[in-house]
1. For the ranges 142-149, 89-96, 63-70, 107-114, what's the packing order if you count other beta-carbon atoms within 10 Å of each residue, average per peptide, and put the highest first?
2. Order these peptides, 115-122, 133-140, by their mean beta-carbon neighbour count within 10 angstrom, highest first.
3. Mind scanning 72/131; 102/131; 52/79 and naming the pairs with a C-alpha gap bigger than 18 Å?
4. With a ≥ b ≥ c taken as the square roots of the eigenvalues of the C-alpha gyration tensor of the range 36-151, please select rounded if a/c is under 1.5 and otherwise prolate if a/b is larger than b/c or oblate if it is not?
5. Whole-Hz ³J(HN,Hα) for each residue in the range 45-52, computed from phi via Karplus 6.51 cos²θ - 1.76 cosθ + 1.60 with θ = phi - 60°, x for glycine and proline: what do you get?
6. So what does log10 I(q)/I(0) come out to for the range 70-135 at q = 0.13, 0.22, 0.23, 0.24 Å⁻¹, using the Debye formula with one equal point on every Cα and no solvent?
7. Might you tell me the accessible area per residue for the range 23-151, computed with a 1.4 Å probe and given in Å²?
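The values are calculated or read from the model by the stated rules, or taken from the named source; none is laboratory data. None of these values were measured; they are calculated from a predicted model. A quick note on method: Cβ atoms are made from the backbone with ideal geometry, for glycine too, and the neighbour counts reach across all protein chains shown. For accessibility, only protein heavy atoms count, side chains too; no ligands or nucleic acids. Shrake-Rupley method; radii C 1.70, N 1.55, O 1.52, S 1.80 Å.
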Amino acid sequence: VNPMKTITTLIFAVAVFLLSNVVRAEQFVQDDQYVVHYSAFNSSMLTPEVAKAYDLMRSRQRAIMNVAVQRKMPDGSTKPVMAQLEGYTGALGGSERPLAFKMVTEGSAIYYLAEFLIGNGEKLNFDIKVKPTPDYAPLKVEFSQEFFAEE
């Protein structure tokens, strides 16, 4: 185990958690078996070290979509699980741009990240389908968010 990578991972996980809650109140969709947490934020909010560790580009014209899927357990707790994600973003009336999610696993945490381009003051719509298992009906994450270039 590389201690530097572990420290960087911890910093990234905390940063994603904090940023997702600072940028927007906790967002999630759920059904009786799963909870899907999601957030989108400007990539310029990442530190250079975190961006490099996860091969993400820091830019005022880029943002990151973060999705985590959890299975509801009988005792009321939740457990991170892998899932299949398919999603698009785009401005109202504009063309849809696919989101290319990459899975990140650190310890028991599992989350999915996708980078996308943004314009200053641009309001983007998101349409993401999350399938915790191949035969499970997808949970739909649909929302709109306005992005501003960080100075």
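1. 63-70, 107-114, 142-149, 89-96
2. 115-122, 133-140
3. The pairs that break the limit, which is 18 Å between Cα atoms, are 52/79.
4. On the way: a/c = 2.26, a/b = 1.39, b/c = 1.63.
Judged from the Cα gyration tensor, the range 36-151 comes out oblate (a/c at least 1.5, b/c at or above a/b).
5. 7, 6, 6, x, 5, 5, 4, 5
6. -0.49, -0.97, -1.01, -1.05
7. Heavy-atom accessible area per residue stands at 55 Å².
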